[in-house]
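The values are calculated or read from the model by the stated rules, or taken from the named source; none is laboratory data. All of these numbers come straight from a predicted model, not from anything done at the bench. Cβ atoms come from the backbone with ideal geometry, glycine included; neighbour counts cover every protein chain shown. Surface accessibility is based on the protein's heavy atoms, side chains included, excluding ligands, DNA and RNA. Shrake-Rupley method; radii C 1.70, N 1.55, O 1.52, S 1.80 Å.
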2 protein chains.
Amino acid sequence: MPPRTPLDADAVLAATEDILRRHGPDKATVVDVARALGVSHAAVYKHFASKQALREAVTRRWLDRNRDTLAGIAADRAVPPAQRLRSWLHAVLTVKQAKIREDPELFAAYGILAAAHSSVATGHVADLLGQLTAIIADGAADGTFRTDDAAATARVVFTATARFHHVAHAAEWQNPGIEDELDEVCSLLLEGLQNN
Amino acid sequence: MPPRTPLDADAVLAATEDILRRHGPDKATVVDVARALGVSHAAVYKHFASKQALREAVTRRWLDRNRDTLAGIAADRAVPPAQRLRSWLHAVLTVKQAKIREDPELFAAYGILAAAHSSVATGHVADLLGQLTAIIADGAADGTFRTDDAAATARVVFTATARFHHVAHAAEWQNPGIEDELDEVCSLLLEGLQNN
């Protein structure tokens, strides 16, 4: 049991992530988290009002760990918008493949939140859509893409690539050839988006 | 209990469909089917080697009930290929919306088979892909679409419209505006497919 030090929210989140990883989302409890920290479960509840709030905070933190990587690709104006769109969609798939492979239990926790339309899932999707909108807006500005509503076009592209990022398709992400499939969908979408 | 008459496979399928509808896929048993028919469960097994085989045959029959409607739309050369592609994709969504709304228990039985990669699901997808390939081949032949491999292009279009036909998205098919979303995806895909 670790020594008792003033408990902060970060320590609770780190311990919860570890417990989720070891026990899975169905079995992990706040009591397990408190025990790992050497505190009462009341001490945990002081930081997070409910098991649900704690689970959401942990999953959000876990998802956000790759946010800067993806945001960086989306914002890299050294890469032409068409190529950037393709790279970003591949990077989203790569990040999600790694998450499910390396952290199946935390991915399962995310899946439960997504199915319940938790703000963690809607926030994650809004994040990704914002990045995609920025790429498409850059392409509209430099004349690559034909659109007068980058956000609407981003939603269409996001819908048409659901197989490669929507949690309902997670079982398909390890299929051999999934990257080639994404590449073919990208090519068709880019044909449709680009000015001729 | 109905009178005993020589039992044929069709009668077994009809009774099983009815039992599935009343009890749901988790609770329906071969004994229920036999009781409804007034026969022994051995008599049912004479037609279908296992509960799984029976469930697959019932679900295939239930899915195939709309096959001709969709095949008819795909094959209707009076409608130009671009418009036909859009109409067909909308018709697939409409058929699936109706199936889940009118027959949630049979839809659930299909979902179980799809998750297990049953031949019922792969056969259904192959059917739809064949219809889509025919539309795209017609478009390639008359110069509407730019492709030298209609089957490959059909797979790309099918993947890009997964949200509107893949069983993993069934919960989203009753969303208001889902038809408009499909229409927007169709428009972008058609922009990409069509010769300018």
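Of all residues in segment B:63-86, those being crowded, with 16+ Cβ neighbours inside 10 Å and polar (S, T, N, Q) number 1. On the given criteria, is A:A134 farther than 14 Å from A:Q194 by Cβ, more than 14 Å from every other protein chain (Cβ to nearest Cβ), open to solvent by 20 Å² or more (accessible area, probe 1.4 Å) and not in a loop (DSSP other than H, G, I, E, B)? Against the criterion (farther than 14 Å from A:Q194 by Cβ, more than 14 Å from every other protein chain (Cβ to nearest Cβ), open to solvent by 20 Å² or more (accessible area, probe 1.4 Å) and not in a loop (DSSP other than H, G, I, E, B)), A:A134 qualifies.
Is it fair to say B:G139 is in a helix (DSSP H, G or I) and surrounded by fewer than 20 Cβ atoms within 10 Å (Cβ to Cβ)? The answer is no for B:G139.
Is one or more of the residues making up segment A:90-98 over 30 Å from A:T147 (Cα atoms) and open to solvent by less than 40 Å² (accessible area, probe 1.4 Å)? Yes: segment A:90-98 contains one or more residues that are over 30 Å from A:T147 (Cα atoms) and open to solvent by less than 40 Å² (accessible area, probe 1.4 Å). Of the residues making up segment B:63-71, one or more are of a type outside the set (S, T, Y), assigned to a helix (DSSP H, G or I) and under 19 Å from B:D183 (Cα atoms). Identify the residue in segment A:167-196 that is open to solvent by less than 50 Å² (accessible area, probe 1.4 Å) and not in a helix (DSSP H, G or I) and, among all such residues, is nearest to A:G111 (Cα to Cα). Here the residue is A:W173.
For the structure I just gave you, tell me whether B:E184 is charged (D, E, K, R), free of Cβ contacts under 8 Å to residues at least 12 places away in the same chain and within 14 Å of chain A (Cβ to nearest Cβ). Yes: the conditions hold for B:E184. Taking segment A:20-62 as the region of interest, how many residues are of a type in the set (V, I, T), loosely packed, with under 14 Cβ neighbours inside 10 Å and not in a helix (DSSP H, G or I)? Adding up the residues that qualify gives 1.
Being exposed (fewer than 15 other Cβ atoms within 10 Å of the Cβ) and on the phi < 0 side of the Ramachandran plot is a description that does not apply to A:A108. Could you check, for segment A:157-166, whether at least one of its residues is open to solvent by 30 Å² or more (accessible area, probe 1.4 Å), part of a helix (DSSP H, G or I) and more than 30 Å from A:K27 (Cβ to Cβ)? Yes, segment A:157-166 contains a residue that is open to solvent by 30 Å² or more (accessible area, probe 1.4 Å), part of a helix (DSSP H, G or I) and more than 30 Å from A:K27 (Cβ to Cβ). Every test in (1) without any contact (Cβ under 8 Å) to a residue 60 or more places away in the chain; (2) facing chain B (nearest Cβ under 9 Å); (3) touching a helix residue (DSSP H, G or I) at 6+ places or on another chain (Cβ under 6 Å) is passed by A:H166 save one, and that test is (3).
The residues of segment B:145-156 that are out of contact with any strand residue (DSSP E or B) (no Cβ under 9 Å at 6 or more places or on another chain), at the interface with another protein chain (Cβ under 10 Å from one of its Cβ atoms) and in a helix (DSSP H, G or I), listed by number, are B:A152, B:R155, B:V156.
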